[in-house]
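Novice: The following block contains the structure, expressed as structure tokens.
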Amino acid sequence: MATARKLLKYKPSKFDYKKNLRARNISQKIAFGIIWLCAAIAVAALIAIVGYVLINGLPAVNLEFITTRPAGGVSGEGGMSTTIVTTIYLVIITTVIAAPLGVLAAVYIVEYAEETETGGSFIFAIVKYARIGVEILAGVPSIVFGLFGFIVFVSRLKLNFSLLSAGLSGACLVLPVIIRTTEEAVMAVPRSYREGSLALGTTKWQTISGVVLPAATPGIVTGIVLSIGRVIAETAIFWVTLGGSYRLPRDIMSSGRTMALHVYSLASETRAFDKALGTSAILIIIIVALNLAINLSSRQFAKKFSGK
Amino acid sequence: MENKTNGISKLSVEDYSLYYADFQALRDVTIELPANKITAIIGPSGCGKSTFLRSFNRMNDLIPSVHTEGKIELDAENIHNVDVVELRKRVGMVFQRPNPFPKSIYENIAFGPRAHGVRDKQILNQIVQTSLKQAVLWDEVKDSLNKSGLALSGGQQQRLCIARALAVEPEVILMDEPASALDPVATLKIEDLIQQLKEKYTIVIVTHNMQQAARASDFTLFFNMAEDRAGYLVESGNTIDIFTNPKEKLTEQYISGRFG
Amino acid sequence: MTREIFTRKIQQIKDEILLLGSMVEQATLDSVIVFKHKDMEAARSLIQEDQAINDKRFAIENAIMILFATQQPLAHDLRMLSAMLLVSNELERMGDYAKGVASNAIRLGASDIPIPIRDIEKMAELGVNMLHRALSAFVNENMELAAKIPDEDDLVDDLFNKAYRSIVNVMVSNPSSIDDASYLLWVVHNLERFADRTINICERTLFIISGEMMEMGVSDDEFEDDFDE
């Protein structure tokens with residue numbers, strides 16, 4: 001602390017900055033301490049939940065479990081093979097419906113809606129209300145989508161409990177998310193790219209498809225993968241549109257059961273908690289793997305195009 | 001005030017005014033820009049130089065509140081009667097901050113010609129090479145065309161953008177302070193490049209750097225901002241005359257740095 | 001007012017040029033007095049003092065170069081600074097003329113050859129007067145003043161012709177005096193060239209104001225080269 005003593009020899013300042021400095025350092029330490037504590041609690045909770053499931057569920061998991069079909073019954077015999085397949089089918093159908101719609105809708109809202117000032121207040125109104133609608137829908141509980149799907153797709157359109165009904169309902173659920181993330185990804189593309197492209201004598205669509213969308217791809221993909229995660233994790237919405245059959249779906253009109261639904265079913269209708277936990281463990285592992293995959297690939301993507 | 005030049009006029013402006021909604025940004029500009037020469041546009045901040053530059057390739061159309069009066073002609077053809085996409089092919093632009101696309105160097109340059117319908121790989125390769133050579137960048141990147149355009153240095157990126165603009169075979173190249181984001185060495189390289197380009201292209205460059213305008217141009221336009229903040233053309237003439245013996249007092253003051 | 005430092009530095013150089021001008025004026029008048037009284041000591045010290053004139057000219061040149069490098073002058077400033085470079089050069093050459101008169105005084109030594117001293121004095125007086133006004137017009141960029149001066153060169157030329165005639169007559173009538181007479185010729189020639197150079201300064205003044213280089217006055221001297229040693 002020799003330096004501290006030296007400072008005392010200097011001309012005293014009008015305010016006691018040294019005391020203030022100490023106070024500021026202390027309050028910083030406190031703030032960071034609290035932040036660290038919150039982070040630690042969050043991580044601890046996460047570890048606790050995931051850890052509990054994994055520790056208790058993994059013993060029930062073995063190759064046989066994964067590859068055998070569920071056999072139904074009070075004690076929940078069998079494995080979970082068909083549920084894995086059903087989940088995959090459902091993800092594919094939902095994404096195929098929702099992704100193109102969502103991405104293109106978002107592109108319209110961002111790129112073409114600029115011209116609303118000259119295009120007339122009608123388009124302007126549509127875009128404005130569409131934006132509000134998307135925001136609202138993003139907060140609607142999934143069971144409401146489920147009921148909507150049940151009434152419209154399962155009953156009215158007579159699609160019954162099927163992958164199609166579930167897919168359509170799932171699409172409604174994730175559409176707002178895809179639209180929002182795509183919108184943000186597209187808006188994040190710098191204006192300079194668009195200007196650079198237009199200045200070459202390209203049409204607006206060429207600019208969007210050739211420069212803007214490729215640049216926004218990481219963000220768009222993240223949105224889509226998020227919705228995939230949502231589909232894998234949802235229960236209520238699919239419970240009322242997919243049905244409960246644990247058989248392997250034959251076609252798009254077949255009923256089926258996703259992994260999440262299987263966990264619910266095992267837990268509420270049987271006593272096979274071990275199998276429920278086992279299925280949960282697999283589910284968690286898949287979701288974690290999915291998130292890791294997003295992270296890694298979007299970082300790779302970003303590296304490739306920023307050249308760092 | 002007579003603003004005639006010798007030589008053929010590539011671009012001709014007549015009583016051109018531009019408004020952002022009610023605000024007049026440019027007032028009654030009349031000037032002819034000669035072909036195959038470098039025209040520099042100088043003036044204080046806010047005098048409308050960039051706005052004026054962007055009028056030539058109708059980039060101002062992208063802003064909804066803009067409306068204009070008067071006319072601008074390219075080779076005696078009113079640019080508002082030409083399809084804007086075709087206009088922008090003939091009148092290219094290089095921006096202040098280099099803005100290469102997040103693609104490879106090759107793709108950056110091939111993007112334009114592809115959009116205009118060139119599909120043949122051979123021809124595209126040729127175009128990429130020619131453009132990079134014209135932009136004096138070929139030797140530095142010829143072995144790494146697949147590298148991302150964003151991995152280049154600032155000066156290289158700007159030359160890449162110039163190559164990209166050249167790839168669509170424009171007749172006029174507009175440059176908005178092309179070297180202002182670059183270090184002095186890169187700046188001089190760009191100036192040399194511009195001198196080489198003028199043989200084949202007509203170049204219009206906005207610059208706030210007086211020495212650059214004096215070094216690198218043949219013809220100079222001096223814009224000023226009026227009290228109502230509208231930009232207007234004060235004086236135009238051969239660069240050497242403007243910088244050694246300008247006619248207008250305002251020009252003299254601005255060039256000697258005795259403004260305001 | 002922007003560029004205060006630059007403006008101040010230009011003013012300083014102008015003052016230095018005026019100072020150099022008065023050094024040259026003084027040297028010229030002194031050289032004629034020295035010549036008249038055949039003061040060898042004074043002649044020698046005059047020749048040495050020419051060094052001060054040279055030094056000042058280089059100092060001015062240096063200062064102007066520094067301004068070129070650091071201030072990037074354009075338009076009017078550019079014309080003025082480059083004109084000042086040339087004017088300082090002219091002044092230095094005019095100083096050399098004065099030195100030449102003094103050297104010739106030494107060469108003539110105690111010779112008793114008749115000297116058209118009245119004409120010589122008059123030429124020097126007129127020349128110095130022209131220089132003084134030309135420099136004043138230069139630093140003040142006064143076109144009217146500068147425009148009047150070239151015509152006065154005619155008076156100097158007339159005096160030169162008169163003196164030349166009389167010296168040649170001396171040479172013809174007394175061939176053994178040719179050596180000394182030729183020194184005399186150089187002296188009057190120097191003073192005639194002195195006046196001519198003031199016209200150059202006026203031309204530079206016009207250049208600063210209008211940006212155009214023009215020849216002013218009519219130069220009719222038969223001697224194109226400078227004899228100043």
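Novice: Do we find a residue being within 23 Å of residue A:186 (Cα to Cα), within 11 Å of chain A (Cβ to nearest Cβ), part of a loop (DSSP other than H, G, I, E, B) and under 20 Å from the mean Cα position of the chain (by Cα) anywhere in region B:111-123? Walk me through how you get there before you give the answer.
Specialist: Of region B:111-123, the ones within 23 Å of residue A:186 (Cα to Cα) are B:111-112, B:114-115.
Narrowing the set further to residues that are within 11 Å of chain A (Cβ to nearest Cβ) leaves B:111-112, B:114-115.
Narrowing the set further to residues that are part of a loop (DSSP other than H, G, I, E, B) leaves none.
No, there is no match, as no residue in region B:111-123 is within 23 Å of residue A:186 (Cα to Cα), within 11 Å of chain A (Cβ to nearest Cβ), part of a loop (DSSP other than H, G, I, E, B) and under 20 Å from the mean Cα position of the chain (by Cα).
Novice: For region A:148-187, what are the residues that are of a type in the set (Ser, Thr, Tyr) and assigned to a helix (DSSP H, G or I)?
Specialist: From region A:148-187, those of a type in the set (Ser, Thr, Tyr) are A:155, A:162, A:165, A:169, A:181-182; that's our starting set.
A:155, A:165, A:169, A:181, A:182 - these are the residues of region A:148-187 that are of a type in the set (Ser, Thr, Tyr) and assigned to a helix (DSSP H, G or I).
Novice: May I pose another question? All but one of (1) crowded, with 18+ Cβ neighbours inside 10 Å; (2) within 14 Å of chain B (Cβ to nearest Cβ) hold for residue C:4; which doesn't?
Specialist: In the conditions (1) crowded, with 18+ Cβ neighbours inside 10 Å; (2) within 14 Å of chain B (Cβ to nearest Cβ), residue C:4 misses (1) alone.
Novice: Next question. Pick from region C:55-79 the residues that are touching a Leu at 6+ places or on another chain (Cβ under 7 Å) and surrounded by 16 or more Cβ atoms within 10 Å (Cβ to Cβ): which of them is farthest from the other protein chains (Cβ to nearest Cβ)? First the steps, then the outcome.
Specialist: Restricting attention to region C:55-79, the residues satisfying the condition of being touching a Leu at 6+ places or on another chain (Cβ under 7 Å) are C:56-57, C:60-61, C:64, C:67-68, C:73.
From what's left, surrounded by 16 or more Cβ atoms within 10 Å (Cβ to Cβ): C:56-57, C:60-61, C:64, C:67, C:73.
Numbers: C:56: 27, C:57: 25, C:60: 21, C:61: 21, C:64: 16, C:67: 13, C:73: 7 Å.
Ranking the candidates gives C:56 first.
Novice: Contact list please: Cβ distance under 7 Å, first residue in region A:38-51 and not assigned by TED's automatic domain parsing to the domain that holds residue A:281, second residue surrounded by 10 or more Cβ atoms within 10 Å (Cβ to Cβ) and assigned to a helix (DSSP H, G or I), pairs at least six apart or on different chains.
Specialist: Correct list of pairs: A:50/A:284.
Novice: Next question. What about residue C:63, is it assigned to a helix (DSSP H, G or I), hydrophobic (A, V, I, L, M, F, W, C), modelled with pLDDT of 90 or more and more than 16 Å from the chain's Cα centre (by Cα)?
Specialist: On the way: assigned to a helix (DSSP H, G or I): yes; hydrophobic (A, V, I, L, M, F, W, C): yes; modelled with pLDDT of 90 or more: yes; more than 16 Å from the chain's Cα centre (by Cα): yes.
Judged against the criteria, residue C:63 is a match.
Novice: While we're on this one: So, residue B:126, is that one buried (at least 18 other Cβ atoms within 10 Å of the Cβ), more than 10 Å from chain A (Cβ to nearest Cβ) and not hydrophobic (A, V, I, L, M, F, W, C) or not? Before the answer, list the steps.
Specialist: Values: buried (at least 18 other Cβ atoms within 10 Å of the Cβ): no; more than 10 Å from chain A (Cβ to nearest Cβ): yes; not hydrophobic (A, V, I, L, M, F, W, C): yes.
So residue B:126 does not fit the description; no.
Novice: On to the next question. Can you say whether residue B:89 is basic (Lys, Arg), within 22 Å of the chain's Cα centre (by Cα), facing chain A (nearest Cβ under 10 Å) and outside any loop (DSSP other than H, G, I, E, B), as far as the supplied structure shows?
Specialist: Details: basic (Lys, Arg): yes; within 22 Å of the chain's Cα centre (by Cα): yes; facing chain A (nearest Cβ under 10 Å): yes; outside any loop (DSSP other than H, G, I, E, B): yes.
Here the answer is yes, as residue B:89 does meet what is asked.
Novice: Looking at the structure I just gave you, is residue A:270 more than 25 Å from the chain's Cα centre (by Cα), surrounded by fewer than 22 Cβ atoms within 10 Å (Cβ to Cβ) and at negative phi?
Specialist: Numbers: more than 25 Å from the chain's Cα centre (by Cα): yes; surrounded by fewer than 22 Cβ atoms within 10 Å (Cβ to Cβ): yes; at negative phi: yes.
Answer is yes for this residue.
Novice: Let me ask something else. Select from region B:142-154 the residues that are in a helix (DSSP H, G or I) and within 12 Å of chain A (Cβ to nearest Cβ) and write down the one among them that is nearest to residue B:105 (Cα to Cα). Before you say what the answer is, go through the steps one by one.
Specialist: In the first step, residues of region B:142-154 are kept if they are in a helix (DSSP H, G or I); the result is B:149-151, B:154.
Now restrict to residues that are within 12 Å of chain A (Cβ to nearest Cβ): B:149-151.
On the way: B:149: 5, B:150: 8, B:151: 9 Å.
Within region B:142-154, the match that is nearest to residue B:105 (Cα to Cα) is B:149.
Novice: Hand me the list of helices (runs of 4 or more DSSP H) wholly inside region B:185-260 holding 1 or more residues that are more than 14 Å from chain C (Cβ to nearest Cβ). Talk me through it step by step, then tell me what you get.
Specialist: Details: elements: B:210-216, B:239-244, B:249-255.
Passing ranges, in order: B:210-216.
Novice: In addition: Go through (1) within 10 Å of chain B (Cβ to nearest Cβ); (2) of a type in the set (A, V, I, L, M, F, W, C); (3) assigned to a helix (DSSP H, G or I) one by one and return the number of the condition residue A:200 breaks.
Specialist: (3)
Novice: Only one of these is surrounded by 17 or more Cβ atoms within 10 Å (Cβ to Cβ), within 14 Å of chain B (Cβ to nearest Cβ), in contact (Cβ under 8 Å) with a residue 12 or more places away in the chain and farther than 26 Å from residue A:238 by Cα: A:208, A:109. Name it. Full working, then the answer.
Specialist: Numbers: A:109 fails: within 14 Å of chain B (Cβ to nearest Cβ).
Of the residues listed, the single one that is surrounded by 17 or more Cβ atoms within 10 Å (Cβ to Cβ), within 14 Å of chain B (Cβ to nearest Cβ), in contact (Cβ under 8 Å) with a residue 12 or more places away in the chain and farther than 26 Å from residue A:238 by Cα is A:208.
Novice: Further question: Could you check residue B:148 against (1) buried (at least 22 other Cβ atoms within 10 Å of the Cβ); (2) under 20 Å from residue A:215 (Cβ atoms) and say which number it fails?
Specialist: The single condition residue B:148 does not satisfy is (1).
Novice: Would you call residue C:166 among the hydroxyl-bearing types (Ser, Thr, Tyr), part of a helix (DSSP H, G or I), over 23 Å from residue C:92 (Cβ atoms) and without any contact (Cβ under 8 Å) to a residue 12 or more places away in the chain? Full working, then the answer.
Specialist: Details: among the hydroxyl-bearing types (Ser, Thr, Tyr): yes; part of a helix (DSSP H, G or I): yes; over 23 Å from residue C:92 (Cβ atoms): yes; without any contact (Cβ under 8 Å) to a residue 12 or more places away in the chain: no.
Against the criterion (among the hydroxyl-bearing types (Ser, Thr, Tyr), part of a helix (DSSP H, G or I), over 23 Å from residue C:92 (Cβ atoms) and without any contact (Cβ under 8 Å) to a residue 12 or more places away in the chain), residue C:166 does not qualify.
Novice: So is residue A:247 outside any helix (DSSP H, G or I), out of contact with any Phe, Trp or Tyr (no Cβ under 6 Å at 6 or more places or on another chain) and either of a type in the set (Val, Ile, Thr) or within 27 Å of residue A:285 (Cβ to Cβ) (or both) or not? Before the answer, list the steps.
Specialist: Details: outside any helix (DSSP H, G or I): yes; out of contact with any Phe, Trp or Tyr (no Cβ under 6 Å at 6 or more places or on another chain): yes; either of a type in the set (Val, Ile, Thr) or within 27 Å of residue A:285 (Cβ to Cβ) (or both): yes.
Answer is yes for this residue.
Novice: While we're here: Could you tell me which numbered condition residue B:94 fails, if it satisfies all but one of (1) within 14 Å of another protein chain (Cβ to nearest Cβ); (2) surrounded by 21 or more Cβ atoms within 10 Å (Cβ to Cβ); (3) free of Cβ contacts under 8 Å to residues at least 60 places away in the same chain?
Specialist: Here residue B:94 meets the rest and fails (3).
Matching residues to (1) surrounded by 21 or more Cβ atoms within 10 Å (Cβ to Cβ); (2) within 10 Å of the chain's Cα centre (by Cα); (3) more than 19 Å from residue A:102 (Cβ to Cβ); (4) free of Cβ contacts under 8 Å to residues at least 40 places away in the same chain:
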residue	(1), (2), (3), (4)
A:196	yes, no, yes, yes
A:200	yes, no, yes, yes
A:203	no, no, yes, yes
A:213	no, no, no, no
A:216	yes, no, no, yes
A:223	yes, yes, no, no
A:226	no, yes, no, no
A:236	no, no, yes, no
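The values are calculated or read from the model by the stated rules, or taken from the named source; none is laboratory data. Here the structure is a predicted model, which is why all the values come from computation and not from measurement. Neighbour counts run over all protein chains shown; Cβ positions are idealised from the backbone, glycine included.
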